[in-house]
1. Hey, can you rank A:110-121, B:95-106 by average C-beta count inside 10 Å, highest first?
2. Measure off 7 Å from each Cα along the Cα-to-Cβ vector at A:THR64 and B:ARG85, then give the distance between these two points in nanometres to one decimal.
3. How many angstrom lie between the Cα centre of segment A:67-120 and the Cα centre of segment B:99-137?
4. Near the amide H of B:ALA81, under 5 Å away, which other amide H atoms are found, from residues 5 or more places off or on another chain, if H is placed in the peptide plane?
5. What size of dipole, in debye to the nearest 20, comes out for segment A:26-137 about its Cα centre when the only charges are +1 on Lys and Arg C-beta atoms and -1 on Asp and Glu C-beta atoms?
6. Taking H as built 1.01 Å from N, whose amide H comes closer than 5 Å to the amide H of A:ILE88, not counting residues under 5 places away?
7. For peptide B:76-87, how many partner chain Cβ atoms fall within 10 Å of a residue's Cβ, on average?
8. Taking 26 Å as the cut-off for C-alpha to C-alpha distance, list the pairs among A:LYS58/B:LYS37; A:LYS58/B:LYS36; A:LYS70/B:LYS65; A:LYS36/B:LYS65; A:LYS128/B:LYS79 that go past it.
Protein chains: 2
Amino acid sequence: MNRSSRRQFIKNTGMTAMAGTVIFAAQSNPEKNEMKKIFIHHVYFWLKNAGNASDRDKLVEGLTKLSKVKTIKNFHIGKPAATNRDVIDTSYAISWFVLFENDGDQASYQADPIHLKFVEDYSHLWSKVIVYDSVDV
Amino acid sequence: MNRSSRRQFIKNTGMTAMAGTVIFAAQSNPEKNEMKKIFIHHVYFWLKNAGNASDRDKLVEGLTKLSKVKTIKNFHIGKPAATNRDVIDTSYAISWFVLFENDGDQASYQADPIHLKFVEDYSHLWSKVIVYDSVDV
């Protein structure tokens, strides 16, 4: 399929397909939009200087570099939403959400020089980190 | 594009495109697989009867029903991965990861009859819930 046909396909269906979405495309349940056969690595950071915009920006800069690790399929750099109920923890500064295909890719990420350099260069910024790793039930 | 051409497109590119992946496809950065312009709603449940497989199955059943809420774009029902380091919290029973397009869709989900029914029917199972809502930095 040439580029023109691909554009037409996208136009026709209202959908875009690109390399970065393979993990969802190939492993989602088309009926329910369920993500399956994935490894979710979700990290929440609390800054030493809570509320310091400059430190937050530095951490985002670090995570942007970290996102280059090859085994990362998809990622999101987030901040707390405006929602606020008793059960919601809005106290963290930055959310770092990463999708891997499997635990092997996650283990590779942990040992990746880019990851080690990230910890070396940016860990002085945070006072607390909580990680939740999840796989399919 | 007819069905046959679409299949060919998928075959040619090694990618699958489907309605459920729109949120990633349309809103990801193709170079870096970055998810953008999304609302991440990530909930961790702790069971009253910690480690009780039957109660965990019931909660998964409830979340599967909950996943029918229309404004949910993608979701994942997870359990703690095998990873275990100091910073990792492996104490929760179930991870409920939901992607919305925006806060409005999340608010609609909160008020959805399916959601209210889920809380009514299954909240007796859990002792603690932590919610992290994140949006783009």
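1. Working: A:110-121: 12.9, B:95-106: 19.8.
Most protected by this proxy first, the peptides run B:95-106, A:110-121.
2. According to this spin-label approximation, the distance is 2.4 nm.
3. With segment A:67-120 and segment B:99-137 each reduced to a Cα centre, they are spaced 22 Å.
4. For B:ALA81, whose amide H was placed from the backbone, the distant partners under 5 Å are A:ASP133, A:SER134, A:VAL135.
5. Working: 14 positive and 15 negative charges, 51 e Å.
Its charge dipole is roughly 240 debye.
6. Hits under the 5 Å cutoff: B:VAL131.
7. Average neighbour count from other chains, rounded to a whole number: 6.
8. Details: A:LYS58/B:LYS37 21 Å; A:LYS58/B:LYS36 19 Å; A:LYS70/B:LYS65 35 Å; A:LYS36/B:LYS65 17 Å; A:LYS128/B:LYS79 23 Å.
The pairs that break the limit, which is 26 Å between Cα atoms, are A:LYS70/B:LYS65.
None of the figures in this text is laboratory data; all of them are computed from the coordinates on show. These numbers come from a predicted model, not from an experiment. Cβ sites come from the backbone with ideal geometry, for glycine too, and all protein chains shown count toward neighbours.
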